[in-house]
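Quick notes on the structure that follows.
Readers should treat all values here as calculations from the given coordinates under stated rules, not as data from a laboratory. No experiment lies behind these values; they were computed from the predicted model shown. Because the Cβ atoms are built from the backbone with ideal geometry, glycine has one as well, and the counts that use them run over all protein chains shown.
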Amino acid sequence: MEESTLKIILAVIAIVPTMTTIIVSLFQNSQRHKDKEEQRKREERNAAKLSIQNMIVQDIIRAEILHKMPENRDNIEDEYTIYHANGGNGTITRQVLEYNTWIEQYHPTK
């Protein structure tokens, strides 16, 4: 085998572990970024969910017990937009629809 061919083979052998390490590091960083993004979405979705439920309860108490006008409709809609944009659906969607039906008696369609 020629000396230059042997040098090339040795160079390739030396490069392979380094390239493998670089590729694995890039993949792991990509996964960490995805995991952080998912965690952020989950946190925003949960915060919006709790906020929506709290505001619905506040409005029900205001209207049914204190005999005052409900006041959280716009805020609930804003929080629902955040909730939905971060993957939320299901129970909160149903609760917001029920709330909207209930609140129509106090605030007919805008």
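When you look at THR21, is it free of Cβ contacts under 8 Å to residues at least 40 places away in the same chain, over 30 Å from TYR106 (Cβ atoms), surrounded by fewer than 12 Cβ atoms within 10 Å (Cβ to Cβ) and within 33 Å of the chain's Cα centre (by Cα), yes or no?
Working: free of Cβ contacts under 8 Å to residues at least 40 places away in the same chain: yes; over 30 Å from TYR106 (Cβ atoms): yes; surrounded by fewer than 12 Cβ atoms within 10 Å (Cβ to Cβ): yes; within 33 Å of the chain's Cα centre (by Cα): yes.
Yes; evaluated as a whole, the condition is true for this residue.
Hey, can you tell me all the residues within the range 94-110 that are surrounded by fewer than 14 Cβ atoms within 10 Å (Cβ to Cβ) and of a type in the set (Val, Ile, Thr)?
Once the filter is applied, which keeps residues that are surrounded by fewer than 14 Cβ atoms within 10 Å (Cβ to Cβ) and of a type in the set (Val, Ile, Thr), the range 94-110 yields THR101, THR109.
Quick one: GLY88 ticks every box in (1) more than 11 Å from the chain's Cα centre (by Cα); (2) in a loop (DSSP other than H, G, I, E, B) except a single one, so which number is it?
Failing condition for GLY88: (1).
Any chance the range 27-38 includes a residue that's of a type outside the set (Gly, Ala, Ser), surrounded by 10 or more Cβ atoms within 10 Å (Cβ to Cβ), assigned to a helix (DSSP H, G or I) and over 26 Å from the mean Cα position of the chain (by Cα)?
Checking the range 27-38: not a single residue is of a type outside the set (Gly, Ala, Ser), surrounded by 10 or more Cβ atoms within 10 Å (Cβ to Cβ), assigned to a helix (DSSP H, G or I) and over 26 Å from the mean Cα position of the chain (by Cα).
Does GLU71 meet the test of being in a loop (DSSP other than H, G, I, E, B) and surrounded by 13 or more Cβ atoms within 10 Å (Cβ to Cβ)?
Details: in a loop (DSSP other than H, G, I, E, B): yes; surrounded by 13 or more Cβ atoms within 10 Å (Cβ to Cβ): yes.
Yes.
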